[in-house]
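As structure tokens, the structure follows; a few thoughts come after it.
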Amino acid sequence: MNIGVDAAALGMSSAVTASTNDVNSVYWNPAGLTNLEDHQISLMHANYFANIAQYDYIGYASPIDDRSAWGISMIRFGVDDIMDTTQLIDNQGNIDYNRIRLFSTADYGFTFSYARKLPVDGFQYGVNAKIIRRIIGKFANSWGFGFDVGLQFERNNWKFGLMLRDITTTYNVWNIDEQEYAKIANAIPGENNELPESTEITLPKAQLGVSRTFDFHNDYSLLVATNLNMRFEQTNDIISSRIVSIDPALGFEFGYTDLVFLRAGAGNFQNVTQLDNTEKLNFQPNIGLGFKYKGIQIDYALTDLGNQSTALYSNIFSLKVDLGIFR
């Protein structure tokens, strides 16, 4: 749930908390759904770890009336066809390759969103209800629940956004198959003798964003956006304390006649300790490209350009369709 969706946003280093205004707002800031004029659907696919892991996303959103909107989305991150070799050796000590089975491990995130404009002009809010489903073959599975709240405000061409993720903390409760666990519990003497923890907790996070779009000669536009991504714990972020750690992000989108878009951004600024105990500032640069024609938008992003950080590297493609074009 931390990776992000939509190649357009990822090309801008995810600095879209204030500017998001389409179906992908179900992830970035549900308050942005109030800007929808018609039904929209969005799809994204990315490969990670040399195509071992698959990351997929689908989202749908629609206005309810002129003041409110709703949306739904699903994210899947999974590794398929993993070989289960726990039963490779039979009771007689013989290796039998026919005993190898395949299984998958996957995380699913389902989000239900509602957004509405407030009576104060320029203010809107949105709420996400999230269901988390995690599966590790037949060995274990879990269910989790959480909530997000987002706000947006626009005044004099400036846009401001606040996204509070997992505001009540998100809990995942695991159910472990003890029979399957017993088969491997004594595989290594002295290890794996106790069941793992059955509860995972995701702490709250906050994202504060500001953006503005500049128009030039009616054909050209430049969107400038920045985010302050905050976690309430001490991390390696560029600004870090015991109370809060802040990772800034900066994104740009240059547009031509609302048809072609070039994007760039930098984020994930981290203080990384080197082998000689000195610290080096690492960051994650991104670039992107997009095309939009008659309600169909195709976007591409290349993340972690130049391997400046330890973050994931991937080519990401996404598709957004305004379903009103089919009427």
>> List the pairs from K159/K205; K159/K280; K205/K320 whose alpha-carbon separation is above 25 Å, in the order I gave them.
In response: K159/K280; K205/K320
>> Could you identify which residue out of G122, G93, G251 has the top mean-square fluctuation in a GNM of the chain using Cα springs shorter than 10 Å?
In response: G93
>> What number comes out for accessible area per residue over region 52-186 if the probe is 1.4 Å? Units Å², please.
In response: 57
> In terms of the Cα gyration tensor, with a ≥ b ≥ c the square roots of its eigenvalues, is region 142-282 rounded because a/c is under 1.5, prolate because a/b exceeds b/c, or oblate?
Replying inline: prolate
>> As an exercise, use a Förster radius of 56 Å and the Cβ-Cβ distance of H39 and T86 to find the FRET efficiency, rounded to the nearest 0.05.
In response: 0.75
> chymotrypsin sites (Phe, Trp or Tyr not before Pro) within region 1-77: which are DSSP loop residues with at most 11 other Cβ atoms inside 10 Å?
Replying inline: F49
>> Can you tell me the length gained on complete extension of the stretch I52 to R76, counting 0.36 nm per residue apart and subtracting the Cα distance?
In response: 7.3 nm
> At a probe radius of 1.4 Å, what is the per-residue accessible area of D215, in Å² to the nearest 10?
Replying inline: 120
> Leaving out same-chain residues fewer than 8 places away, which aspartates and glutamates sit with a Cα under 17 Å from that of K138?
Replying inline: D80, D81, D84, D107, D177, E178, E180
>> What is the percent carbon and sulfur in the accessible area of the chain, measuring with a 1.4 Å probe over the protein chains and ignoring ligands?
In response: 57
> Looking at region 120-153, which trypsin sites (Lys or Arg not before Pro) are in a loop (DSSP not H, G, I, E or B) and have at most 13 other Cβ atoms within 10 Å?
Replying inline: K138
>> With unit charges on the beta carbons (Lys and Arg positive, Asp and Glu negative) and the dipole taken about the Cα centre of the chain, which residue among N286, T213, F145 sits farthest to the positive side?
In response: T213
>> Compute, for region 40-91, the length of the dipole vector about the Cα centre, with Cβ point charges of +1 (Lys, Arg) and -1 (Asp, Glu) only. Units Debye, rounded to 20.
In response: 260
> What size of dipole, in debye to the nearest 20, comes out for region 54-153 about its Cα centre when the only charges are +1 on Lys and Arg C-beta atoms and -1 on Asp and Glu C-beta atoms?
Replying inline: 260
>> So if each residue of separation counts as 0.36 nm, and I subtract the Cα-Cα distance between T213 and I325, what length gain in nm does that give?
In response: 37.7 nm
> Rounded to the nearest 0.05, what FRET efficiency do V224 and N94 have when you use their Cβ-Cβ distance and R0 = 45 Å?
Replying inline: 0.10
> At each listed q (0.06, 0.09, 0.13 Å⁻¹), what is the log10 of I(q)/I(0) that the Debye formula gives for the chain modelled as equal alpha-carbon point scatterers?
Replying inline: -0.25, -0.54, -1.04
>> As a test of the formula, what do you get for the chain when each DSSP H run with n ≥ 4 contributes -39,500 (n - 2.57) and the sum is divided by the residue count, at 222 nm and rounded to the nearest 500 deg cm²/dmol?
In response: -1000 deg cm²/dmol
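The values are calculated or read from the model by the stated rules, or taken from the named source; none is laboratory data. These numbers were taken from a predicted model, which means no experiment stands behind them. Cβ coordinates were reconstructed from backbone atoms using ideal geometry, including for glycine residues, and neighbour counts include every protein chain displayed. Just so you know, the surface numbers come from the protein's heavy atoms only, side chains and all, with ligands and any DNA or RNA stripped out. Shrake-Rupley method; radii C 1.70, N 1.55, O 1.52, S 1.80 Å.
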